[in-house]
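These notes concern the structure reproduced below.
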Number of protein chains: 2
Amino acid sequence: MQRRRFLTNSLKTLGAGAAGIAAAPFVSTASAQETITWDMVTSWPKNFPALGTGANEFAQRVEVLSHGRMRIRVHGAGELVPALEVFDAVAAGTAEMGHSASYYWRGKVAAAQFFTAVPFGMNTTETNAWIYYGGGQALWDEIYAKHNLKPFAVGNTGAQMAGWFKKEINSLADMQGLKLRLPGLAGEAMNRIGVTTVNMPGSEIFTSMQTGVLDAADWVGPYNDLAFGLHQVADYYYTSAWNEPSAILEGTVNLDAWNALPDDLKAVVTEAARASNLAMISEFTYRNAQALETLVDEHGVQLRTFPEDVMVALFDASEEVIQEQVANDPDSAKAYASYQAFQTLVRPFSDAGEFEYLRARAAVGA
Amino acid sequence: MQRRRFLTNSLKTLGAGAAGIAAAPFVSTASAQETITWDMVTSWPKNFPALGTGANEFAQRVEVLSHGRMRIRVHGAGELVPALEVFDAVAAGTAEMGHSASYYWRGKVAAAQFFTAVPFGMNTTETNAWIYYGGGQALWDEIYAKHNLKPFAVGNTGAQMAGWFKKEINSLADMQGLKLRLPGLAGEAMNRIGVTTVNMPGSEIFTSMQTGVLDAADWVGPYNDLAFGLHQVADYYYTSAWNEPSAILEGTVNLDAWNALPDDLKAVVTEAARASNLAMISEFTYRNAQALETLVDEHGVQLRTFPEDVMVALFDASEEVIQEQVANDPDSAKAYASYQAFQTLVRPFSDAGEFEYLRARAAVGA
């Protein structure tokens, strides 16, 4: 109670913003029942394009769908806890909820990485099918419950770009010794082919590129990268989303807070997450398209794909990294077995459907 | 009121099924407020895989998210109105809501076709981005409002198959004179290259193939096609989703019923639709993958792609059909201008992101 009162006082401005969502029709019902208020800490700057605004919209969905019975106050990175302490803060109950990406916690929960992005893994549609229908959610629940957390997919970036490079990459030799910002399993794979990777919050990338701490950096995709001005610190923008063919943004709920919710509010949180998952990939698709046009047409950014020897090396290294992790960690073994079995099942259909269509559309010049 | 009472009596069994969703926690609140009950007519057999069950799940979402204040009774094709009379029935208020596909109404509202599937058009992710962020929903609202309807995307099949053919297609000549079930703009395009297309409810396809009324038929994809046993009446299963790279399942709400809803229930319907949209494409992806495996491994179905001359002819014919429609119908011109502008914007990003990734994944043998 002390903590809650402190937060309420210290966050008056934010609170007013969140309260603005409670439109008139909800007031009478809300006041007749207990209103549940949660804090949600995030790994993004407050209102950061798509990621931060997506978290805000999720909170709005919960408030509207709960008829004002439940409010979620969204906090930017660093407001209550630093960007990369969201997992610990929600597990400990410092905040009831978090919005982040599971691969940030690989040092603590190795298996968490399979719930953001897997190098050369499934795309967004395949990943959602695994989470919702292929057993992914149940595994994620089981692994996170050990850390007092209930996870949800609350957004997806879609296929990302491979990152910004100051120099063009013409062969595997050009990758040697590069300092690259890239988290997760893909970062580990890059380490194996001679790159030195680091993880840092997105907000530190620009300065690190400017000062030479980094030679290259992956952030998200055109929309978020343009927002950080990464085209000002590197000329070459590499594609093929080998590193993050899909990246789930995770909502984490403190398990005690989750268990204390009545069933209907559990449904509200669950369905608001599902709706936000689709809303975010849809917004990313639109805004990335606009931003890529701006980057190429207005800023002269050079789009590139890695040469074949780099791709093959990255694929082999990714396999190696995943197999080592699976050998060393039972939860990783369990998560990857499920992930891989689903990918094996879904690929023939994806290839005959989505991939074959994209190929055919391009082939006829549509 | 007479009609409502009649329906209540005549649908006791169905009503009991729907009422089963109202779990104990909701009862006290629901009974303290007016409960709104809607009928939803559909173009699918009751509980038909993914399409019918998806409609059921949408109704469940509305009931749970409204805290039991709103119930939707789902009716299979032919229970209240025939499969292809959903649009008229909802417009007239015979039922408050429908679940169908907009291209079934092309004879009545030509522009409606752009809100299901466009030959050589956008895939599911691109289509959702257009609907939610690119102005698609506003245009759809405007066009349907003229028919006293408010539309929603309530599901998507994803990239479909091109259909079942009794004989293998080796050139454009083999298509001449074939009788094919294929609705929408794609059906029109097929007519232009020498095929005779018909539209009929899915439930009539099997018998029509058996009796020779049809030589070939497109229904949906592996999951739904397996359910109708189409592999028993044709050996060749053609891919590339040129005809339906994505197909929105539409929810239609009678505009008077919509306007009478309080704002919070409007939000419930809107967000339940969004959540169902993602749930259905996720389920289709999973079940199509399983069904394709069954069709190929257990039933020996032969997967094929059309030869190049057929694809080029279909692309040219599709362009011709769309341009003629656009020239003859102002609403079609408006809808297609928006659709096409969005596709032009999104393609460079989709090609660099999703398509390039699928290509790279296949190239390394992942």
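Bear in mind that the values in this text are calculations on the coordinates, not laboratory data. Since the model is a prediction, treat every value here as computed from it, not as a measurement. Because the Cβ atoms are built from the backbone with ideal geometry, glycine has one as well, and the counts that use them run over all protein chains shown.
With 5 Å bins beginning at zero, the pair-distance distribution over Cα atoms of the range A:195-236 amounts to 5, 23, 40, 24, 7, 0 %.
About its Cα centre, the dipole of the protein assembly as shown is roughly 1980 debye, where the only charges are +1 on Lys and Arg Cβ and -1 on Asp and Glu Cβ.
Counting, for every residue in B:270-277, the Cβ atoms of other protein chains within 10 Å of its Cβ and taking the mean gives 6.
Using only side-chain charges placed at the Cβ, +1 for Lys and Arg and -1 for Asp and Glu, the dipole size of the range B:246-359 relative to its Cα centre rounds to 280 debye.
Once the mean of 1/r is taken over each pair of separate Cα atoms and inverted, the range B:57-98 shows a Kirkwood hydrodynamic radius of 11.1 Å.
Per residue of peptide A:122-131, the mean number of Cβ atoms on other chains within 10 Å of the residue Cβ is 5. FRET efficiency for the A:Thr196 to B:Glu204 pair, using the beta carbon distance and R₀ = 51 Å, is estimated at 0.20. Converting phi to 3J(HN,Hα) with the Karplus coefficients 6.51, -1.76 and 1.60 and the offset θ = phi - 60°, the range A:145-157 yields 4, 5, 10, 6, 10, 10, x, 9, 7, 10, x, 8, 7 Hz in sequence order, with x at every glycine or proline.
How would the range A:166-271 be classified by its alpha-carbon gyration tensor: rounded, prolate or oblate, with rounded meaning a/c under 1.5 and the a/b versus b/c comparison settling the rest? Prolate is the answer for the range A:166-271, as a/c is 1.5 or above and a/b outweighs b/c. Database remark: amide H of B:Trp44 closer than 5 angstrom to the amide H of B:Ala77 (H placed geometrically; neighbours at sequence offset of 5 or more, or on other chains; Pro and chain starts carry no H).
Compute the relative contact order of chain B as a whole-number percentage, counting only Cα pairs closer than 8 Å that sit 6 or more residues apart in sequence.
Computed over chain B, the figure is 22 percent.
Which links in B:Lys46/B:Lys146; B:Lys108/B:Lys266; A:Lys108/A:Lys146; B:Lys46/B:Lys179; A:Lys46/A:Lys146 stretch past 18 Å when you go from one Cα to the other? With Cα atoms farther than 18 Å apart: B:Lys46/B:Lys146; B:Lys108/B:Lys266; B:Lys46/B:Lys179; A:Lys46/A:Lys146. Enclosing the Cα atoms of the range B:96-254 in their convex hull gives a volume equal to 107 cubic angstrom per residue. Label-to-label distances for A:Ala333 across copies, nearest first, come out at 6.7 nm, using points 7 Å from Cα in the beta-carbon direction.
Cα gyration tensor of the range B:76-171, axes a ≥ b ≥ c as square roots of the eigenvalues: rounded (a/c below 1.5), prolate (a/b > b/c) or oblate? Since a/c reaches 1.5 but b/c is at least a/b, the shape of the range B:76-171 is classed as oblate. Binning the C-alpha pair distances of the range B:295-366 at 10 Å intervals from 0 yields a P(r) profile of 15, 22, 36, 20, 7 %, listed from the shortest bin outward. Comparing B:Ala91, B:Ala337, B:Ala247 in a Gaussian network model of chain B (Cα springs below 10 Å), the most mobile by mean-square fluctuation is B:Ala337. Computed about its Cα centre, the charge dipole of the range B:152-249 is approximately 120 debye, with only Lys, Arg, Asp and Glu carrying charge at their Cβ. Taking a point 7 Å from the Cα of A:Ala366 along the Cα-to-Cβ direction, the residues of the range B:308-335 with backbone N closer than 20 Å to it are B:308-327, B:332-335. Residues whose amide H comes within less than 5 Å of that of A:Met70, counting only those at least five positions distant or on another chain, are A:Ile36 (H built at 1.01 Å from N in the peptide plane). Note on the range B:47-183: dipole from Cβ charges, positive end direction compared against B:Pro119, B:Gly52, B:Ala129; the farthest Cα belongs to B:Gly52.
Measuring between their Cα centroids, the range A:98-138 and the range A:153-199 lie 19 Å from each other.
Here the Karplus curve 6.51 cos²θ - 1.76 cosθ + 1.60, taken at θ = phi - 60°, turns the phi angles of the range B:303-317 into couplings of 7, 9, 10, 5, x, 4, 5, 5, 5, 5, 5, 5, 5, 4, 5 Hz, with x standing for Gly and Pro. The aspartates and glutamates whose alpha-carbon is closer than 18 Å to the alpha-carbon of B:Lys150, local same-chain residues fewer than 8 away aside, are B:Asp39, B:Glu85, B:Asp88, B:Glu96, B:Asp141, B:Glu142, B:Glu250, B:Asp256, B:Asp263, B:Asp264, B:Glu271, B:Asp331. Mean silhouette area of the range B:223-344, derived from the convex hull of its C-alpha atoms and averaged over all directions, reads 11.2 nm². Enclosing the Cα atoms of chain A in their convex hull gives a volume equal to 151 cubic angstrom per residue.
Note on chain A: GNM, Cα springs under 10 Å; of A:Ala217, A:Ala110, A:Ala129, the largest mean-square fluctuation is that of A:Ala129. Each semi-axis of the equivalent ellipsoid for the protein assembly as shown is √(5λ) with λ an eigenvalue of the Cα gyration tensor; in descending order they amount to 39, 35, 23 Å.
Each residue of the range A:48-56 was assigned a 3J(HN,Hα) from its phi angle through the Karplus curve 6.51 cos²θ - 1.76 cosθ + 1.60 (θ = phi - 60°); the sequence is 4, x, 6, 6, x, 5, x, 5, 4 Hz, with glycine and proline shown as x.
Peptide B:339-350 shows a mean partner chain C-beta count of 5 within 10 Å per residue C-beta.
Across the copies of the chain, A:Tyr236 has label points (7 Å from Cα along Cα→Cβ) spaced 4.6 nm apart, shortest distance listed first. Highest average first, the peptides B:155-163, B:293-301, A:218-226 ordered by how many other beta carbon atoms sit within 10 Å of their residues are B:155-163, A:218-226, B:293-301.
Protection proxy ranking for B:321-329, A:81-89, B:272-280, using the average of other Cβ atoms within 10 Å per residue and placing the highest first: B:272-280, A:81-89, B:321-329. What is the log10 of I(q)/I(0) for the range A:211-287, computed with the Debye formula using one identical point scatterer on each Cα and no solvent, at q = 0.13, 0.18, 0.20 Å⁻¹? For the range A:211-287, the Cα-only Debye profile gives -0.61, -0.87, -0.96.
For A:Val198, the residues whose amide H sits under 5 Å from its own are A:Leu180, A:Arg181, A:Leu182, ignoring neighbours fewer than 5 places away on the same chain, with H placed 1.01 Å from N.
Once you sort the root eigenvalues of the Cα gyration tensor of the range B:282-335 as a ≥ b ≥ c, which label holds: rounded (a/c under 1.5), prolate (a/b larger than b/c) or oblate (the other case)? Cα axes put the range B:282-335 in the oblate bin. With its label point put 7 Å out from Cα toward Cβ, B:Asp263 sits 3.1 nm from the same residue's point in the other copies, in order from shortest.
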